Amino acid sequence: MPARKNVEKVMIIGLDCADPTLMFQRFWNDLPNLRSLAERGSYGVMTSTMPPITVPAWSCMASSKDPGQLGIYGMHNRADWSYGKMIIPTSLGVREPRLWDILSEHGRKSFVFGVPQTYPPRPLNGEMISCWFAPSLESDYTYPVSLKREIAEQFGEYLPDVRPYRTDKKDWLIAQTHRMTDQRFEMIHHFAASRDWNLFWSVDMGPDRLHHGLWQYMDENHHRYVPGNPYEHAIRDYYRFVDERLGRLLATLDLDRIAVWVVSDHGAKGMKGGVCFNEWLIREGYLTLKDDLKGPTRFADVNIDWSRTKAWGEGGYYARCFFNVQGREPQGQLRPVDLDSFTRELAGKLETMVDHEGKPMGTKVFQPKDIYRTVRGFPPDLIVLFGNLSWRSVGMVGTGTLYTFENDTGPDDANHNIEGMFICAHPGCAAGKTAISIYDVAPTVLTQLGLQPPADMIGRNVLPD
C-alpha cells in the first residue's frame, strides 16, 4: 500500500539486542517516550535472522536478503575450504544493495551512522560514520573522510563501542555504556538537524553490551542471580536512560513528516553455560587429536589429525559445525555420497543431547540449504543452537568436561534470542501491536518513501497507512 505523501523522511534508531520482553513488558511503564511512540504506530516482535547474530543481521535488515544470499554467517566466516583461515566480514563482503545504496540510485540522500558492517565506508549519496569494525580512530572510518574532523571538533573522542564489555569491572562498563549512548544521541541530534537526508539510520551497541555484561544481576532465573545485588536495576536504568534521550530527540523532529522506527537486530536471554562442542565431537569419535592435552587449550592451538577427523566446530553464541569432505577440504574424509546420512546421524545426536543434569537440552540443528534461498560463500554444514540458545558453543578442548559455566572469552551472562523488537510511527499510521520479520524493514521503508521495493527482496511492506 503506498505511503502517505507527507512522509518525507525515515529515521531508524537501532538498538542492538534491545529485547521485546524487557521493553514491552518488564520495563514498559518506565519508558514513556517509547510507549508513546509505539501507541502512535505499530510495534511488537520482529523475528531475526537464523542465526540471530549482529553480523549479518543488520545487513539482512538493510537488504532484505538472508545470510545465505549474503554469504555471511556470523562474526567469523571461513575464508576458503582450508582448515584454519577465518575472516571478519567487513562491508567489502556485502555484495547485495542495502537501503542507502538503493536510495542513492534514486537520488535520495542517507546519513548512515554506526550500522554494523559499514567499515570500511563505501561511497553513497550522503554521509556515513561507519561501525566499530574500524581498527582505530586514525582509520578512514567516515565518508567523506573530512567528516572525521567535524566529529572531533564537535564531540571530542568518538566512542564507537564499549571494549572490553566482557569484564568484571561492572561500574566501568555501566558508565562507559551510558557515556557512549549519550554521545550517540547528541551526534544524531546534530547531524539530523544539520544535514539534508531522506534516510537517517543509526545503531547503538549499548543494549547488547549491558545485556552480556549484566544479565545475571537482573534475571531472577539466572543461576548466578542474587536478590538485592547492587546491579539489579542497571539494565532497567539504562533502558530508562535511552528512553529519556530518545524523548529529547523526538522533541526536535517534525513528526508530521518523518516516519520514526526503533528496532533491534535480535533479543536476549539468560545463558545457562557453554557446551564444549569440540570436546563432544572428540568423545563421539568425529574429531581426533594427534597429541594428548594437559589442560584447556584453544582449538586453534591443537594439533588435529585430519586424516581421522570427520567434523569440527567453532565457538560462539551458536555453533558452526564443519564437515571434512573429500574433494573439498584438503584432507577430506567424508565421501560426498555419504553426506546426507552423516548429517542425519550427527544432527540426531545433537538434538537429543542432555544437559549437565541429564535433562533434554532442546538443541536445534539447521542445514543452510534448508533455511536460506541460496547458499553463497563458505557456510557451516550445520548451524547448531545449543539448548535453543540457552547455551553457547565453546570451541576450546582439553576441558575435561562437556559443560562449562565460565565463559572462555570473558564474563558473559546472556545469549541472543530470535525475537527482536520494532516500533514504527508515522503520520496516519494504523496503530496496534503486531509481529513482523527483520526482512520486512527495507521494503516497508522504501514504500514509506514512495519507492517500489525490488522484487527480489524477501520481505514485504507490512505497515499500512
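The values are calculated or read from the model by the stated rules, or taken from the named source; none is laboratory data. Since we're looking at a predicted model, the values are computed, not measured. FYI the Cβ positions are ideal-geometry reconstructions off the backbone, even for glycines, and counts take in every protein chain you see. Accessible surface is based on the protein model in full, side chains and every heavy atom, while ligands, DNA and RNA are left aside. Shrake-Rupley method; radii C 1.70, N 1.55, O 1.52, S 1.80 Å.
Please provide three numbers in whole Å: the alpha-carbon extents of the range 232-384 along the principal axes, with the largest listed first.
Principal-axis extents of the range 232-384 (Cα, largest first): 65, 39, 31 Å.
Strictly over 24 Å apart at the Cα level, which of 272/359; 65/349; 85/148; 170/269 would you flag in this model?
Checking Cα-Cα distances, 65/349; 85/148 exceed 24 Å.
What are the ³J(HN,Hα) values, in whole Hz, obtained from phi via the Karplus relation 6.51 cos²θ - 1.76 cosθ + 1.60 with θ = phi - 60°, for each residue of the range 434-441 in sequence order, with x given for Gly and Pro?
8, 10, 9, 10, 4, 6, 7, 5
At 222 nm, what value in deg cm²/dmol follows for the chain if DSSP H runs of at least 4 each add -39500 (n - 2.57) and the sum is divided by all its residues, to the nearest 500?
Here the helix-only value at 222 nm equals -8000 deg cm²/dmol.
Leaving ligands, DNA and RNA out of it, report the carbon-plus-sulfur percent of the accessible area of the chain at a 1.4 Å probe.
Looking at the chain in its full context, I get 47 percent from C and S.
Find which of 262, 177, 431 sits farthest along the positive direction of the dipole of the chain, computed with +1 on the beta-carbon of Lys and Arg, -1 on that of Asp and Glu, about the Cα centre.
Final value for the positive-end residue is 431.
Per the Kirkwood definition applied to all pairs of different Cα atoms, how many angstroms is the hydrodynamic radius of the range 242-300?
Across the range 242-300, the inverse of the average 1/r is 17.3 Å.
Let me check I've understood the local charge: for residue 85, count other residues with C-beta under 15 angstrom from its C-beta, Lys and Arg +1, Asp and Glu -1. What total comes out?
Net charge around residue 85: 0.
Sorted by average packing, counted as other Cβ atoms within 10 angstrom per residue and highest first, what order do 52-58, 79-85 take?
Final packing ranking: 52-58, 79-85.
If you average 1/r over every pair of different alpha-carbon atoms in the chain and take one over that average, what Kirkwood value in Å do you get?
Mean inverse Cα-Cα distance, inverted, gives 23.1 Å.
Which log10 I(q)/I(0) values, to two decimals, does the range 373-460 give at q = 0.25 Å⁻¹ under the Debye formula with one point per Cα?
Listed by q, the Debye log ratios stand at -1.33.
Cα centroids of the range 66-99 and the range 233-297: how far apart, whole angstrom?
19
Farthest toward the dipole's positive end in the range 337-425, which of 343, 385, 395, given Cβ charges of +1 (Lys, Arg) and -1 (Asp, Glu) about the Cα centre?
343
Any idea how far the Cα center of the range 433-465 sits from the one of the range 118-144, in Å?
Taking the Cα centre of the range 118-144 as reference, the centre of the range 433-465 is 27 Å away.
Run through every distinct alpha carbon pair of the range 27-135 and return the Kirkwood hydrodynamic radius in angstroms, one decimal place.
15.8
Determine, for each peptide in 235-248, 152-165, the mean count of other beta carbons within 10 angstrom over its residues, then list the peptides with the highest first.
Output ranking for 235-248, 152-165: 235-248, 152-165.
So for each of 360-367, 294-301 I average, over its residues, the number of other beta carbons within 10 Å; can you give me the resulting order with the highest mean first?
360-367, 294-301
Could you check what % of the DSSP bridge pairs in the chain are antiparallel, to the nearest 5?
Restricted to the chain, the bridges split so that about 55 percent are antiparallel.
Find the accessible area per residue for the chain; the probe is 1.4 Å, ligands and nucleic acids are left out, and the unit is Å².
So the chain comes to 40 Å² accessible per residue, rounded to a whole number.
Using +1 on the beta carbon of Lys and Arg, -1 on that of Asp and Glu, and nothing else charged, what's the dipole of the chain about the Cα centre, debye to 20?
640
On the principal axes of its Cα set, how long, how wide and how thick is the range 141-237? Give whole Å, largest value first.
That works out to 49, 25, 17 Å along the principal axes.
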